[in-house]
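Worksheet: the structure to be examined is printed underneath.
The values are calculated or read from the model by the stated rules, or taken from the named source; none is laboratory data. Keep in mind it's a predicted model, so treat the numbers as computed, not measured. When we count neighbours, we look across all protein chains shown, and the Cβ atoms used for this are built from the backbone with ideal geometry, even at glycine.
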Amino acid sequence: MNISFAFKNFEPSAHLKEYASSRFEKMAKFIGDTVETELQISLSVEKFRHKADVVLLSDNLHISAYEESEDMYSTIDLVLDKLEAQLKRMRERDKERRRGGTPRAARMDVISFSDEPGSHTPTIKDTDNFEPKPMHVEEAAEQLVSRKFEFLVFRNADTSRVNVIYRTKNGDFGLIDPGN
């Protein structure tokens with residue numbers, strides 16, 4: 001991570017530079033330590049107000065925070081807290097999207113067996129990509145009846161998992177739920 005400082009209207013002490021550098025190095029644990037990550041820190045003083053303006057730039061990330069107080073050290077701490085809070089929120093949003101967010105396309109392969117005697121090697125004849133639609137089990141059963149299919153792959157609206165409902169030989173329905 002590249003950290004650049006800009007100071008306005010005051011001459012920083014060596015201790016202040018060291019303090020700010022050590023505090024902002026903590027940001028690497030949230031975003032990883034990549035060379036492309038850049039942290040731009042602008043510290044300024046106007047009368048009794050000590051201001052900090054920070055911009056974090058990375059591959060797919062652009063976060064900024066601003067804070068002011070009467071002490072430069074506390075201003076640095078406050079702006080760091082704001083950045084960490086924003087990064088945590090973004091990380092949680094990403095986790096939520098990955099957990100149950102957008103449905104992924106499923107792939108269905110049709111396998112047939114060779115008619116030659118002694119040769120029963122399955123081969124894939126056709127592939128179909130589709131996105132299972134979210135619906136309740138009862139709704140899936142109605143779809144199965146109305147379309148005269150043998151089975152239906154759907155996303156269970158109650159559990160958010162991909163399920164398969166199928167016809168049994170006696171005309172009832174069976175449900176396959178992976179339970180994961």
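Given the conditions (1) within 16 Å of S64 (Cβ to Cβ); (2) loosely packed, with under 12 Cβ neighbours inside 10 Å; (3) small (G, A, S), which single one is not true for S44?
Single failed check for S44: (2).
Hey, among the residues in the range 147-166 that are among the polar types (S, T, N, Q) and surrounded by 15 or more Cβ atoms within 10 Å (Cβ to Cβ), which one's farthest from the chain's Cα centre (by Cα)?
The residue in question is N163.
Considering every residue within the range 79-97, establish whether at least one is at pLDDT 85 or above, touching an Asp or Glu at 6+ places or on another chain (Cβ under 7 Å) and either exposed (fewer than 12 other Cβ atoms within 10 Å of the Cβ) or under 30 Å from E18 (Cβ atoms) (or both).
So far as the range 79-97 goes, yes, one or more of its residues are at pLDDT 85 or above, touching an Asp or Glu at 6+ places or on another chain (Cβ under 7 Å) and either exposed (fewer than 12 other Cβ atoms within 10 Å of the Cβ) or under 30 Å from E18 (Cβ atoms) (or both).
Could you tell me which residue of the range 150-180 is farthest from R98 (Cα to Cα), considering only residues that are in a loop (DSSP other than H, G, I, E, B) and free of Cβ contacts under 8 Å to residues at least 12 places away in the same chain?
By that ranking, first place goes to N170.
Return the residue satisfying two criteria in turn: it lies in the range 58-73 and is out of contact with any strand residue (DSSP E or B) (no Cβ under 8 Å at 6 or more places or on another chain) and either farther than 16 Å from I31 by Cβ or surrounded by 11 or more Cβ atoms within 10 Å (Cβ to Cβ) (or both), and of such residues it is modelled with the highest pLDDT.
So, considering only residues that are out of contact with any strand residue (DSSP E or B) (no Cβ under 8 Å at 6 or more places or on another chain) and either farther than 16 Å from I31 by Cβ or surrounded by 11 or more Cβ atoms within 10 Å (Cβ to Cβ) (or both), the one modelled with the highest pLDDT is Y73.
Of everything in the range 1-59, what is basic (K, R) and more than 34 Å from the chain's Cα centre (by Cα)? Give them in sequence order.
K8, K17, K47, R49
Could you please give the count of residues in the range 21-42 that are part of a helix (DSSP H, G or I), closer than 29 Å to E11 by Cα and either modelled with pLDDT under 80 or in contact with a Gly (Cβ under 9 Å, 6 or more places away or on another chain) (or both)?
Residues flagged as part of a helix (DSSP H, G or I), closer than 29 Å to E11 by Cα and either modelled with pLDDT under 80 or in contact with a Gly (Cβ under 9 Å, 6 or more places away or on another chain) (or both) within the range 21-42 amount to 3.
For H136, are the conditions met, namely being under 30 Å from S13 (Cα atoms) and at pLDDT 80 or above?
no
Being among the hydrophobic types (A, V, I, L, M, F, W, C) and free of Cβ contacts under 8 Å to residues at least 24 places away in the same chain is the filter; apply it to the range 43-85 and report the residue that is farthest from E11 (Cα to Cα).
Applying the filter and picking the extreme gives A85.
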